[in-house]
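The values are calculated or read from the model by the stated rules, or taken from the named source; none is laboratory data. Here the structure is a predicted model, which means the values were calculated and not measured. Note that we place each Cβ from the backbone using ideal geometry, even for glycine, and neighbour counts take in every protein chain shown. Areas reflect the complete protein model, heavy atoms only, side chains present, ligands, DNA and RNA absent. Shrake-Rupley method; radii C 1.70, N 1.55, O 1.52, S 1.80 Å.
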Amino acid sequence: MRDFSISGGTVLLGPEGLQQTDVAVRAGLVDRIGGDSGGARFDASGLLVLPGIVDLHGDAFERQIQPRPGVNFPVDLALRDTESQLLANGITTAFHGVTLSWEPGLRSLDAWHAMMAALFAHAWTCDMRVHLRWEAYNLDALDTAVAAIEAGHVHLVAFNDHTPSIVRKLKDPVEGAKYSGRAGMKMEAFQAMAHGVASRSDAVPAALDRIGAAARAAGLPMASHDDHSIAARDGFRARGARICEFPIAEEVAAAAVAAGDFVAMGCPNVVRGGSHLGWASAAAMAEAGVCSVLTSDYYYPAMLRAAFVLAERGALDLPRAWALIAENPARAAGLSDRGVIEAGKRADMVVVDPGTCRAVAVVAGGRVAHLTAEGSLRLSAG
């Protein structure tokens, strides 16, 4: 179904805010606001019509690949289920946070190759992209990462440095077991590997520089992850990273904003009322104008719900809250064709029941990609 209209709904229209009007879709794009496409019709009376959600950082797909430590499923099967989850939750553009680490198992070089093969072997309804989470100490995979960037297989690069914290946590048998289990290794062998990797710290800055240079040459957006200090954030900005992703301290986020950077936090933090790690409150930072982008992080359903949680708190209205999961992440990723409902833009929309905060219908790239039973009853042939 290529030409259709969404009629009678309350539509979020950028600066104009929420207005009751119709949206005509033709050939994958928003054809016009107001009027009819002459095709099928979706009756959105009593519902909200909002821009499709853009998720810059989501790694919940890892739970589809490895639902339990050491229990793996084929990546293509996992991605099909992941796409269904994304669309059902209104996410029409998803940057999969694929970690390329020195760790064996789920985040290994082999897992990277399997993910790339499965992702690019199919045409997906959700626009699923690659957010390369480059683990700083993974020197052996440096050529692989640079080649993927140069080949156009990467759409966002994030600088990650979890190695020092992993080494620290290995001192705790319970915490260490999480990492060794994910890698499919005995604790002693994993500890020896981690300490060997950590000993190569002198070569890390040059590797980071090379990744940054490749990303800049490819025109990719870049992020730094878990920034622990203003100095660290300044260093990654110098490499071209203008997204400050999950800063550990609020003063780091504030400094990033002052420098003109985007600050990204997780929607689960908002929905749960705080960080599961005890870090900064994403809701408070969004309300203060410090957090400009919200992501799914590790739980896709949190994105749609987080916008309504913020609106219910009262400091942000729904249009401003929704911008955190649609317009702002699209801008941060350099995607000027989405994030808003506007003539000529990509037709990505989520039709939401405001009473239940549930997606009744989702349009991705001009295709009706998800319908609930209620949504099916509202759709009529043209």
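Specify which of the listed residues (100, 56) is open to solvent by less than 30 Å² (accessible area, probe 1.4 Å) and within 30 Å of residue 2 (Cβ to Cβ).
Only one candidate passes the filter, namely 56.
Looking at 148, 94, 123, 158, can you tell me which residue is part of a helix (DSSP H, G or I) and among the aliphatic types (A, V, I, L, M)?
None of the others qualify; the one that does is 148.
Being in a helix (DSSP H, G or I) and modelled with pLDDT of 95 or more is the requirement here; does residue 164 meet it?
Against the criterion (in a helix (DSSP H, G or I) and modelled with pLDDT of 95 or more), residue 164 does not qualify.
Can you pull out every residue in segment 63-101 that is under 14 Å from residue 114 (Cβ atoms) and out of contact with any His (no Cβ under 9 Å at 6 or more places or on another chain)?
64, 65, 66, 72, 73, 74, 75, 77, 78, 100
Working only within segment 307-338, note down all residues that are open to solvent by 10 Å² or more (accessible area, probe 1.4 Å) and among the aromatic types (Phe, Trp, Tyr).
308
Out of everything in segment 116-151 that is hydrophobic (A, V, I, L, M, F, W, C) and more than 30 Å from residue 28 (Cβ to Cβ), what residue ends up being surrounded by the fewest Cβ atoms within 10 Å (Cβ to Cβ)?
Residue satisfying both the conditions and the ranking: 147.
When you check residue 171 against the structure, is it assigned to a loop (DSSP other than H, G, I, E, B) and of a type in the set (Lys, Arg), yes or no?
In short, yes.
Consider only pairs whose beta carbons are under 6 Å apart and that are at least six residues apart or on different chains; among these, list those whose first residue lies in segment 185-207 and is over 29 Å from residue 238 (Cα atoms) and whose second residue is assigned to a helix (DSSP H, G or I).
If the second residue must be assigned to a helix (DSSP H, G or I), the pairs left are 187/176; 187/180; 190/180; 190/183.
Check segment 330-339 and report whether any residue there is small (Gly, Ala, Ser) and more than 20 Å from the chain's Cα centre (by Cα).
No, segment 330-339 has no match at all.
Could you list, in sequence order, all residues of segment 182-212 that are in a helix (DSSP H, G or I), touching a Gly at 6+ places or on another chain (Cβ under 8 Å) and either open to solvent by 20 Å² or more (accessible area, probe 1.4 Å) or modelled with pLDDT of 95 or more (or both)?
Selection gives 182, 187, 191, 212.
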